[in-house]
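Everything on this sheet refers to the single structure shown next.
The values are calculated or read from the model by the stated rules, or taken from the named source; none is laboratory data. Computed from a predicted structure; not experimentally measured. Neighbour counts are summed over all protein chains in view; Cβ atoms, including those assigned to glycine, are modelled from backbone coordinates with ideal geometry. Just the protein is used for accessible areas: all its heavy atoms, side chains included, with ligands, DNA and RNA removed. Shrake-Rupley method; radii C 1.70, N 1.55, O 1.52, S 1.80 Å.
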Amino acid sequence: MELTTGAILRRITETPLSTAAHKLATIILDGIAWKDGYNGLKRGTAAFTLAHLAEKTGVSRQHLTALLAELAASGLALVRWKPNGKFAPWLFRFGGSEEVNASPYVVSASGDTSLSRESKNKTIFAGSIEIGAETSVHHTPWAELIKAAKTALPCWNVDTQAIWERFLAFNRARGNARVPAGYLLGFMRRWRTGSSSMVPTSSSEPEPLAKEDPKMQELHDLIRAAPCSNRQFHASDLCRLIGQAAYDARVLDVVRQFGCPKFAAILAVHGRAVIAGEIAR
């Protein structure tokens, strides 16, 4: 399948699908990146959590699974994979998996041509970065770009400031005073996941292990405390106890505190409730 918005949209309208599956396909199409480097994604790829897709389509998680299977078996040949850990978003692509295993380290280049020039919900790293010019990422134009791009990358659960500081340290150690902005995206793409976050390394100069971010450790501890089975029942129990509005407020507070996806925030809220004795594990 030709990777353009129009080509995929025509294929969606021509493919015999249920109404709900058509809606799901267009939602995924709307989230596709059409330029390497937009939102940290490879061209032709979209990133969503299943909870977010279920919310946008207005169906249950069980029905969503059936719809995804319908799209995968149809002429759209939807494929999905999750390379960045249990709580990271799924990556989606129409038309087969021939490029799923392609190199994930592609960085935007000046010669790229965007097929979606006016998209406001996509980001691109352009220009250059002065190493050491500013220690707080929030005083630079890069904070929002990092936050937007990391959602589909291995560093999705790492604090934006921590990513920035390690990027600066990585380049200072190599004597770089200024680097292309695309280097920052490449740095994030090569982030190593594990029980301890590691900065990206080159094959000739291995980097030492970095200390785990205390905020992320706190988030992981809360998630571990959460009851993983029958999550919907535990959510219902907590909503009956504190009310839907208070429940939603807790989830939003966790998203703001840790910068994590909504699904991870829900588990963290349940973990806090278990620790506080509000619900049973």
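List the residues, sorted by chain then number, that are 5 or more residues from residue 49 or on another chain and whose placed amide H is less than 5 Å from its amide H.
90
Using a 1.4 angstrom probe on the protein heavy atoms only, line up 22, 138 by accessible area, largest first.
Most to least solvent-accessible, the answer reads 138, 22.
Tell me, what is the FRET efficiency for residue 139 and residue 257 to the nearest 0.05, using R0 = 22 angstrom and their Cβ-Cβ distance as r?
0.55
Rank 247, 183 by accessible area, highest first, at a 1.4 Å probe radius? Numbers along the way, then the final one.
Values: 247 15, 183 125 Å².
Sorted by accessible area, descending: 183, 247.
Going down the list 86/147; 42/215; 82/150, which pairs span over 21 Å between their C-alpha atoms?
42/215
Multiply the residue gap between residue 278 and residue 147 by 0.36 nm, knock off their C-alpha separation, and tell me the result in nm, one decimal place.
Working it through step by step, the gained length comes to 43.9 nm.
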